[in-house]
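This report refers to the structure that appears directly beneath it.
The values are calculated or read from the model by the stated rules, or taken from the named source; none is laboratory data. A quick note: this is a predicted structure, and the numbers were derived from the prediction, not measured. FYI the Cβ positions are ideal-geometry reconstructions off the backbone, even for glycines, and counts take in every protein chain you see.
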Amino acid sequence: MSFINEDISKRQKQSHEKYDKLIGKTGYIAPDEHLWEDILSAIVLRKPVLLKGPTGAGKTKLAESISALFKQPMQSINCSVDLDAEALLGFKTLVQRDGQSVIEFVEGPVVTAMKKGHFLYIDEINMAKAETLPILHSALDHRRMMTNPFTGEVIEAHPDFGVISAINEGYIGTAPMNEALKNRFIAYPIPYLTGQQLAELWNREFPDAEKELKTFMLNLAEDLMKQVENGLLSEEAASIRSLLDATALAQYMDPIRAVQYAIAEKLDDESERDLFMDLANTWKK
Ligand SMILES: Nc1ncnc2c1ncn2[C@@H]1O[C@H](COP(=O)(O)OP(=O)(O)OP(=O)(O)O)[C@@H](O)[C@H]1O
Ligand SMILES: [Mg+2]
């Protein structure tokens with residue numbers, strides 16, 4: 001779409017000198033023909049994007065791929081209950097200059113991203129304490145600015161500043177996201193890949209693996225997703241990350257042991273582990 005392409009080529013021309021290492025690598029494969037462009041539309045419109053999906057579904061990979069496409073660095077924040085305003089905005093420190101001690105402010109990821117026009121990736125956004133993130137509200141809405149409480153500086157966001165967040169709903173340790181915070185985002189469901197796209201990912205990641213092994217893993221993956229849909233297995237049993245790990249291991253050991261270590265042993269429930277191993281053994285025959 002031309003309005004996306006125009007913005008991409010404009011941004012690609014910018015130089016980010018010392019931040020080059022923060023530009024992500026490409027490689028996300030979209031589950032359908034629309035998702036990728038629909039997300040890019042929000043990015044180009046400067047709307048904060050929220051990626052909702054289970055663990056190992058490619059949310060971080062997607063954010064990195066956006067950074068790669070625009071050739072625009074990405075500052076990252078991992079949310080936890082310990083996340084505080086200093087971790088977001090930066091902190092004051094004493095430095096020696098010309099034999100004198102002076103207080104300097106070391107800019108954190110949010111301030112850097114806003115000033116330099118980087119992407120800000122906020123991972124596990126629902127892991128943060130409810131009182132921590134409202135400081136970002138003015139940066140996330142039409143105002144695109146904030147006052148740094150540590151310095152009093154009013155920061156206006158660079159035109160290319162963009163926010164991508166990821167959320168793993170319903171996981172232990174996560175709280176529902178604050179409504180006013182959530183309201184500032186355009187939200188996209190990020191599912192596990194299936195079918196042709198899943199096969200494409202496997203062919204790309206394991207070009208030299210035996211066909212039989214790939215077929216086993218892809219069949220198992222599809223079956224796992226069905227069992228997840230039926231409520232018989234928890235969602236992470238079908239995690240693409242774990243399935244990729246299992247395939248990597250299986251090139252050096254029996255695939256049944258590989259899936260046991262990469263997937264089954266991480267399931268909390270014994271009956272789920274048994275069901276999983278039964279499925280794996282069925283497909284291996
Ligand atoms: N659609 C996809 N396209 C490309 N790679 C994918 C896709 N889905 C999963 N992967 C691969 O699976 C692994 C896990 O992906 P990623 O780390 O992005 O998941 P995530 O959704 O961020 O998980 P978490 O919620 O645990 O952080 C990576 O190696 C990634 O490349
Ligand atoms: Mg991630």
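Residues that are within 16 Å of ligand 1 (Cβ to nearest atom), assigned by TED's automatic domain parsing to the domain that holds residue 157 and at pLDDT 95 or above do not occur anywhere in the range 102-113.
Can you work out which of the residues in the range 205-247 that are assigned to a helix (DSSP H, G or I) and without any contact (Cβ under 8 Å) to a residue 12 or more places away in the chain is nearest to residue 271 (Cα to Cα)? The extreme case among them is 228. Tallying residues that are touching a strand residue (DSSP E or B) at 6+ places or on another chain (Cβ under 6 Å) and either surrounded by fewer than 20 Cβ atoms within 10 Å (Cβ to Cβ) or not in a helix (DSSP H, G or I) (or both) within the range 113-132 yields 6.
Results for (1) in a helix (DSSP H, G or I); (2) within 15 Å of the chain's Cα centre (by Cα), shown as yes or no for each residue.
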site	(1), (2)
11	yes, no
15	no, no
24	no, yes
28	no, yes
46	no, no
60	yes, yes
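Evaluating residue 169 against the criteria (1) farther than 19 Å from residue 76 by Cβ; (2) surrounded by fewer than 18 Cβ atoms within 10 Å (Cβ to Cβ); (3) away from ligand 1 (no atom under 16 Å from the Cβ) leaves one unmet condition, (3). In the range 149-168, is there at least one residue being under 16 Å from residue 86 (Cβ atoms), in contact with an Asp or Glu (Cβ under 9 Å, 6 or more places away or on another chain) and in a loop (DSSP other than H, G, I, E, B)? Looking through the range 149-168, at least one residue is under 16 Å from residue 86 (Cβ atoms), in contact with an Asp or Glu (Cβ under 9 Å, 6 or more places away or on another chain) and in a loop (DSSP other than H, G, I, E, B). When the test is whether a residue is within 16 Å of ligand 1 (Cβ to nearest atom), of a type in the set (A, V, I, L, M), part of a helix (DSSP H, G or I) and not assigned by TED's automatic domain parsing to the domain that holds residue 81, residue 199 passes it.
Filtering 77, 135 for residues that are part of a helix (DSSP H, G or I) and either among the small types (Gly, Ala, Ser) or touching a residue at least 12 places away in the same chain (Cβ under 8 Å) (or both) leaves a single hit, 135. The residues on offer are 179, 131, 124, and the sole one that is charged (D, E, K, R), within 16 Å of ligand 2 (Cβ to nearest atom) and at pLDDT below 95 is 124. Reported count of residues in the range 83-112, each being without any contact (Cβ under 8 Å) to a residue 12 or more places away in the chain and either under 14 Å from residue 147 (Cα atoms) or part of a loop (DSSP other than H, G, I, E, B) (or both), is 2.
Of the residues that make up the range 155-172, is at least one in contact with a Ser or Thr (Cβ under 6 Å, 6 or more places away or on another chain) and more than 28 Å from residue 241 (Cα to Cα)? No, the conditions are met nowhere in the range 155-172. Note on the range 43-68: residues that are more than 14 Å from ligand 1 (Cβ to nearest atom), in contact (Cβ under 8 Å) with a residue 40 or more places away in the chain, at negative phi and surrounded by fewer than 23 Cβ atoms within 10 Å (Cβ to Cβ) total 3. Among all positions in the range 233-254, there is at least one residue which is surrounded by fewer than 16 Cβ atoms within 10 Å (Cβ to Cβ), outside the structural domain of residue 62 (by TED's automatic domain parsing) and of a type in the set (Phe, Trp, Tyr).
Taken as a whole, the structure leaves residue 230 outside the set of residues that are closer than 24 Å to residue 53 by Cβ, at pLDDT 95 or above and more than 16 Å from ligand 1 (Cβ to nearest atom).
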